[in-house]
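Q: Below is a structure I'd like to ask you about.
The values are calculated or read from the model by the stated rules, or taken from the named source; none is laboratory data. None of these values were measured; they are calculated from a predicted model. Cβ coordinates were reconstructed from backbone atoms using ideal geometry, including for glycine residues, and neighbour counts include every protein chain displayed.
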Amino acid sequence: MTLVSDDAIADRLYRDNYKTIRQYVDILVSRGVDWGLIGPREIGRLWERHILNSIALESLIPEGCRVADVGSGAGLPGIPLAIQASPHCSKPLTCSSVLTQRTVFRKLATAASYSRP
């Protein structure tokens, strides 16, 4: 269940991947806040401030390129961008961080987002 209201713009932008991005947002809102990766005041503006801003970069990614999000923390902008831009990239988008907790969170979030029916 998404604690953040659904956004019609995100639904149109993500099309077939909307369910996947919603699952990521669910995890970000719950575990991301619990683990201190995002602040509780960010929940109400998560779609417009973080998710939609993340995919604004998609049009700048040349087809067939490799992309890295260095210092991605909770996976922003990397995970939303990877979900949206995956058809354009020849290799998966790489997210990196020096803090183990953030790396563990991103692994959990991506595994859960991509494995749900």
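Q: Counting just the residues of segment 87-117 that are within 17 Å of Gln23 (Cα to Cα) and among the polar types (S, T, N, Q), which one comes out modelled with the lowest pLDDT?
A: The residue in question is Ser115.
Q: Separate question: Could you tell me how many of the residues in segment 42-81 are over 23 Å from Val104 (Cα atoms) and of a type in the set (Lys, Arg)? Walk me through how you get there before you give the answer.
A: Looking only at segment 42-81, we keep the residues that are over 23 Å from Val104 (Cα atoms), and these are 44-45, 48-49, 52-53, 56-65.
Adding the requirement that they be of a type in the set (Lys, Arg) leaves 45, 49.
Residues meeting the conditions: 2.
Q: Could you tell me which residue of segment 58-77 is farthest from the chain's Cα centre (by Cα), considering only residues that are aliphatic (A, V, I, L, M) and buried (at least 16 other Cβ atoms within 10 Å of the Cβ)?
A: Taking segment 58-77 and keeping what is aliphatic (A, V, I, L, M), we get 60-61, 67-68, 70, 74, 76.
Keeping just the survivors that are buried (at least 16 other Cβ atoms within 10 Å of the Cβ) gives 61, 67, 74, 76.
Values: Ile61: 16, Val67: 14, Ala74: 8, Leu76: 6 Å.
For segment 58-77, the residue satisfying everything is Ile61.
Q: With respect to Leu81, determine if the residue is modelled with pLDDT of 80 or more, in a loop (DSSP other than H, G, I, E, B), surrounded by 14 or more Cβ atoms within 10 Å (Cβ to Cβ) and aliphatic (A, V, I, L, M).
A: In short, no.
Q: Out of all the residues in segment 32-46, is one or more of a type in the set (Asp, Glu), at pLDDT 85 or above, over 25 Å from Ile9 (Cβ atoms) and not in a loop (DSSP other than H, G, I, E, B)? If you could, list the steps in order and put the result at the bottom.
A: If we filter segment 32-46 for residues that are of a type in the set (Asp, Glu), which is where we start, we get 34, 42.
Filter once more, keeping what is at pLDDT 85 or above: 34, 42.
When the remaining residues are screened for being over 25 Å from Ile9 (Cβ atoms), the result is 34.
Applying the additional criterion that residues be not in a loop (DSSP other than H, G, I, E, B) yields 34.
Within segment 32-46 (the criterion being of a type in the set (Asp, Glu), at pLDDT 85 or above, over 25 Å from Ile9 (Cβ atoms) and not in a loop (DSSP other than H, G, I, E, B)), the answer is yes, since at least one residue qualifies.
Q: Just the residues that are more than 15 Å from Gly78 (Cα to Cα) and either assigned to a helix (DSSP H, G or I) or aliphatic (A, V, I, L, M) (or both), please, taken from segment 47-68.
A: Within segment 47-68, the subset more than 15 Å from Gly78 (Cα to Cα) is 48, 62-64.
Scanning segment 47-68 gives a single hit, Glu48.
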